[in-house]
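These notes concern the structure reproduced below.
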Amino acid sequence: MENRAIQQITPLQRALGTVFRALNFLLKIGLVVVFVFPFLWMISTSLKTYPESIAYPPSLFFAKPQWENFVMVWNSGDYLRYARNSITVTLTIIALQTLVSVPAAYAFARYKFRGGALLFGIVLVSFMVPTQLTFISVYLMFSKVSMLKTLWPQILPFGANAFGIFMLRQSFKQVPEELIESARLDNAGEINIMFRIMLPMAKSSLVAVTMFSFIGHWNDYFWPFVMTNTDFIRPLTVAIAQLRDSEHGNQWQLVMAGNVILVLPILIVYVFLHKKIISGFVYSGIK
Amino acid sequence: MQDTGKLGRKVLPYALVLPAILFLLIFTIYPLLDMVYMSFTDWKLVQPAKNFVGLHNYRYLFGRSDFWNALGNTFYYSVLTVISQFCAATLFAVWLRKNTRINSLVRTALFTPHIVALLSVAMVWSWLMNEDKGLLNMLLNLLGLPGLRWLNSAETAMTSLVIVSWWKSVGYYTVIIFSALQTIPTEIYEAADLDNAGRFSRFFRITFPMISPQAFLCLITMTIGSFKVFETIRVMTGGGPGKATYVLVYYIYMTAFQGQFKVCLACAAGVVLLFIVGLLTALYFMLLSRKVHYQ
Amino acid sequence: MAKIELRNVSKRFGNTVVLENLNLTIEDGQFAVLIGPSGCGKTTVLRTIAGIGPQSSGQVLMDDQDISDLPPGKRDLAMVFQNYAIYPTMSVRDNIEYGLKNRKVPAPTRNKLIAEISEIVGIAPYLDRKPAQLSGGQRQRVALARAMVKKPKVFLMDEPLSNLDAKLRSQMRVELIELHNHLKTTFVYVTHDQVEAMSMADRIILLNNGVIQQEANPREIYTNPCNKFTAQFIGAPQMNILPLPGSDMSFGFRPEKVTLTEQAPDAFLKKKARIITREMLGSETLYQLRFDKQSIMVKSLSDVFLPGTDVYFSLRKEDILLFKRDENRLYPQEDGYGQALAAAGRV
């Protein structure tokens, strides 16, 4: 940066430089605090007593961790079921998406077939349609076939991941043609080529798509909120949102405890895998 | 396995894409068309008959001040969110550009909210922004300043929501722009040094043009994202105080599933949203194809 | 061991015709090199033999059997690609083994073959590495091993050395010649590098615009080109071609056949010319000469002539080649040869 070597650096400039660097460092630390502190505040509040949580001036820490808060939240509803619903829905979506999207992406990348462009157009259009536009019709559809009391309305609409198909197609397309010709010369059949050559090459984008989908559906609130009106099919997000509307609504230590249950698993994974997670998001964001 | 017959080879691609296409047709394309269709009827959830009423719903919508209010709120929210996110993300990305340990820590911290449920983010910030017991007002008081009303006043509620969405997503866009910066070859800066370029001209003449494809994509994603806002409204303000934070998606939801269950009206509002998103999407793909063309 | 034959092969991509009614026979055990400028169709010929870019019409025969409709995996041939096409997600061993597995070769045989081949090409120590950990030369050897392990009847190679540096390339050239002597299998080798063609081939097939210009052994193709294109394509610097005075024919001669002298010599063709440039190549020297608004290249063992000075250049009768108006050679036994040659001597 300092390429004006011709000029002599005066002591004043040197002092200013030090001050500038120190300020720069402090600002960066400040930024970290702004983005991490709310999570710490969430965790800290969740372990406080009610008086502690509303005390003035606020204390950063609790006198004694109130694990009972978690027990209370957990027992305020059928949380075991909510958690199970969240896990079932998310994992089923991912399994279904992988089964449906990988073959489709493969076909779009590798074969020229009549109508292929039109069908891919459907994928592109779907990719841009927000769920906020489709929920009414989908809701009515499931109500017509009386499936609103099952988990399917939360799963089936995401059976095909348009964004995932798009991403995977890109990475399948990047596999050099010669590699496939070489495999054909090695007497490999189509299925063999798909599993032994193509899928390993698309691994990183498959991982990115899966992670993307997992985080998205685990965190999703809008869709399950509009699709569920029975307690036993609700996922964690909807249940926790209801804490606010319940009798515990002003008991912030309980509301925060509920959110810790939702957020902590993801945060822990993030602490260990943040490099991979960020690069996955970047990979899919730039493409 | 090796000798899939001629017919087999012809059918194979269709068989591979069929499940995906079926899912998309049933759960995305059909509902979209259905929405457009319903927007021309008088259907309500509680009434079985569906009559064609032409543009009546649209005339009704555009004649109502609460719809205009929702539309206006949506635009206000979008403009503020997009501008604040984009400027901050670009600034942060350039600031944190060098690959030092502290910069990578800051980037990781900035990114954290992106992977957390928006619902939880909304809840923490409702707690932080609580007028009586929230930390933000306590901090202001400690500094001797009066507390703000945050979500409880029509003047500040929308801005408070923008702050929350800014905090949630700015890290994501920072990281995207940061990685775009990484692709600029260093030789260009060395050449600029030899040309005695100043800091500002370096940014506006070299850096920004080089990352403009990604920057434009970020802008479009931000805009479309901001039109979809729902969680924060539902959890933090419920559209209030008054109707100060009623946005389009919230309007659609409330019209369809609350009160008189006027699905037809909700669908007409949905078509308006579809139109806006469609316009932005067209722009997105135009830019995307330009970008591909350049490479 | 196999003979390859192409009969009336045509290949079109959309409206562009790449090959039209090409007929070509490559004898069993031959090291055949397909050479030509880029876009001449040489790679297309190779891919047609392999069956990975099927011909639009015509037949491919191997040992007199029509294999036109056989899928590539069943043709009993192996190919080395220009960028090697090594499967990046598999280890070196898996890369070599893949084709064998697909042919259901039993494991003990596979292991024996891999051990044997990797020893021959010198990659035994790297068998468990991933391709990304190998150097360019090592990858080249893996590609070779992968082809060899299948014990194919024919080896197809598409510019396999073009991604290597100059030193490694000349080393691999020698190794490929040795390999061919050792295996005695048919090799079909595509290149645009005439040094590779001249040094390795038993038979050079020169293509231009999808048409075979000449098929001959390296010596024949160099000394006895059948048309102007061949004469100028093979040899560096290229053959000098000058218009024949008083006719629409032309004559040519190789730069190294010219003799330079300070005094007018007694020769069949002699001419005074000005030296324009001098390039020292070490053992030889290249001169550019100009006379009567024409310029020629001369390769000489002598480096004493200086740019700007005048010299005499001379040629023997037998070093002059004549070309007809249609660019084909005018051979000594043809009508008008003596007359044309005499005209060349009067330049």
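The values are calculated or read from the model by the stated rules, or taken from the named source; none is laboratory data. Bear in mind that the values here come from a model prediction, so they are computed numbers and not experimental data. Every residue, glycine among them, receives a Cβ derived from its backbone with ideal geometry; neighbour counts consider all protein chains shown. Calculation scope for accessible area: heavy atoms of the full protein, side chains included, ligands and nucleic acids excluded. Shrake-Rupley method; radii C 1.70, N 1.55, O 1.52, S 1.80 Å.
Starting from the Cα of B:Asn69, step 7 Å toward the Cβ, then list every residue of the stretch B:144-181 with an amide N under 17 Å from that point. Label zone hits: B:152-159.
If you take every DSSP beta bridge fully contained in the protein assembly as shown, what fraction is antiparallel? Give it as a percent rounded to 5. Counting only bridges with both partners in the protein assembly as shown, antiparallel ones make up about 75 percent. A simple rule links phi to the HN-Hα coupling: the Karplus curve 6.51 cos²θ - 1.76 cosθ + 1.60 with θ = phi - 60°, which for the stretch C:202-209 gives 7, 9, 9, 10, 9, 10, 8, 6 Hz, with x for Gly and Pro.
Taking amide H positions as modeled 1.01 Å from N, with prolines and chain starts lacking one, the residues under 5 Å from C:Ser57 and 5 or more places away or on another chain are C:Ser10. Dividing the Cα radius of gyration of the stretch A:81-210 by its Kirkwood radius returns 1.06 for Rg/Rh.
Pairs A:Lys64/A:Lys276; C:Lys74/C:Lys184; A:Lys276/C:Lys130: which are spaced more than 26 Å apart, C-alpha to C-alpha? As for pairs spanning more than 26 Å Cα to Cα, those are A:Lys64/A:Lys276. Scalar couplings 3J(HN,Hα) for the stretch B:64-78, obtained by applying the Karplus form with A = 6.51, B = -1.76, C = 1.60 to θ = phi - 60°, are 9, 6, 5, 6, 4, 4, 5, 4, x, 4, 4, 5, 4, 4, 5 Hz; x denotes Gly and Pro. Between C:Arg129 and C:Leu183, the contour length at 0.36 nm per residue exceeds the alpha carbon distance by 16.7 nm. Between A:Phe272 and A:Asn250, the simple label model (points 7 Å from Cα in the Cβ direction) yields a spacing of 4.2 nm.
Take the eigenvalues of the Cα gyration tensor for the stretch A:2-53, scale each by 5, and report the square roots as semi-axes in whole Å, largest first. Could the numbers behind the result be given before it?
Details: eigenvalues 399, 21, 4 Å².
Equivalent-ellipsoid dimensions as semi-axes: 45, 10, 4 Å.
Distance between the C-alpha centres of the stretch C:297-347 and the stretch A:156-194: 59 Å, rounded to the whole angstrom.
By its C-alpha gyration tensor, with a ≥ b ≥ c as the square roots of the eigenvalues, how is the stretch B:151-264 shaped: rounded for a/c under 1.5, else prolate for a/b larger than b/c, else oblate? Prolate. In this structure the amide hydrogen of A:Gly159, modeled in the peptide plane, comes within under 5 Å of no amide hydrogen from residues 5 or more places off or on another chain.
When restricted to Cα atoms, the stretch C:195-347 yields an Rg and a Dmax of 16.1, 48 Å, respectively.
Between C:Asn328 and C:Thr223, the FRET efficiency from the beta-carbon distance, with R0 = 22 Å, is close to 0.85. Annotation: amide H of C:Asn208 within the under-5 Å range of C:Gln213, sequence separation 5 or more or interchain, hydrogens built in the peptide plane. Highest mobility in the GNM of chain B, judged by mean-square fluctuation with C-alpha springs under 10 Å and restricted to B:Val229, B:Val121, B:Val46, is found for B:Val46. For the stretch A:175-287, the mean projected area of the C-alpha convex hull, equal to one quarter of the hull surface, is 10.9 nm². Note on C:Arg346 and C:Asp69: with the Förster distance fixed at 35 Å, the Cβ-Cβ geometry gives a FRET efficiency of about 0.05. The 3J(HN,Hα) values that the Karplus relation (6.51, -1.76, 1.60; θ = phi - 60°) gives for the stretch A:226-234 are, in residue order, 7, 8, 10, 10, 10, 5, 6, 10, 7 Hz. Gly and Pro appear as x.
Below 8 Å between Cα atoms, with a sequence gap of 6+, how large is the relative contact order for chain A in percent? The normalised contact order for chain A reaches 29 percent.
Most fluctuating residue of C:Ala197, C:Ala78, C:Ala264 in a GNM of chain C with Cα springs under 10 Å: which is it? Between C:Ala197, C:Ala78, C:Ala264, it is C:Ala264 that shows the largest mean-square fluctuation. Which of the helices in chain A, when you take each full DSSP H run, stretch at least 30 Å along the axis at their Cα atoms and have an average Kyte-Doolittle score of 0.0 or higher? Flagged H segments are A:11-46, A:79-110, A:252-286. The Cα-based radius of gyration and maximum Cα-Cα distance (Dmax) for chain C are 24.3, 77 Å.
Helical runs assigned H by DSSP (4 residues or longer) give the protein assembly as shown a calculated mean residue ellipticity at 222 nm of -17000 deg cm²/dmol, each run adding -39500 (n - 2.57) before division by the residue total.
A viscosity of 0.692 mPa s and a temperature of 37 °C, combined with the Kirkwood radius over Cα pairs in Stokes-Einstein, give a translational diffusion coefficient for the stretch C:198-264 of 243 µm²/s.
Is the shape of the stretch B:57-291 best called rounded, prolate or oblate, per the rule: a/c under 1.5 gives rounded, else a/b larger than b/c gives prolate, else oblate, with a ≥ b ≥ c the square roots of the Cα gyration tensor eigenvalues?
Numbers: a/c = 2.65, a/b = 1.44, b/c = 1.84.
Cα axes put the stretch B:57-291 in the oblate bin.
Please report, to two decimal places, log10 I(q)/I(0) for chain A at q = 0.10 Å⁻¹ as given by the Debye formula with identical point scatterers on the Cα atoms and no solvent. At q = 0.10 Å⁻¹ the computed log10 ratios are -0.76.
The Rg/Rh ratio of the stretch C:139-202, with both radii computed over alpha carbons and Rh defined as the Kirkwood radius, is 0.92.
Report the local net charge at B:Phe178: Lys and Arg +1, Asp and Glu -1, summed over other residues whose C-beta lies under 11 Å from its C-beta.
Values: positive: B:Arg97, B:Lys98, B:Arg107; negative: none.
Taking every Cβ under 11 Å from that of B:Phe178, the sum is +3.
Quick one: if you take sqrt(5λ) for each eigenvalue of the C-alpha gyration tensor of the stretch C:125-245, what semi-axes come out, biggest first, whole angstrom? Please report the intermediate quantities before stating the final value.
Numbers: eigenvalues 220, 52, 27 Å².
Gyration-tensor ellipsoid for the stretch C:125-245: 33, 16, 12 Å.
When its C-alpha radius of gyration is set against 2.2 N^0.38 Å (N residues), the protein assembly as shown gives a value of 1.28. Anisotropy class assigned to the stretch C:1-43 is oblate, per the alpha carbon gyration tensor with a/c at or over the 1.5 cut-off and a/b no larger than b/c. Calculate log10 I(q)/I(0) of the stretch C:38-134 for q = 0.11, 0.12, 0.16, 0.19 Å⁻¹, where I(q) comes from the Debye formula with a single equal point scatterer on each Cα and nothing for solvent. Those come out to -0.45, -0.53, -0.85, -1.03, one per q. Using a Förster distance of 30 angstrom, determine the FRET efficiency expected from the C-beta separation of A:Leu40 and A:Arg84, and round it to 0.05. Step by step, r from the Cβ atoms, then E = 0.55.
Interface area, chains A and B: about 8400 Å² of buried accessible surface, summed, with a 1.4 Å probe and ligands, DNA and RNA left out. Label-to-label distance, C:Ala264 versus C:Leu281, with points set 7 angstrom from Cα along the beta-carbon direction: 3.1 nm. With a cut-off of 13 Å between beta carbons, the residues surrounding C:Gln263 carry a summed charge of -1, where Lys and Arg count +1 and Asp and Glu -1.
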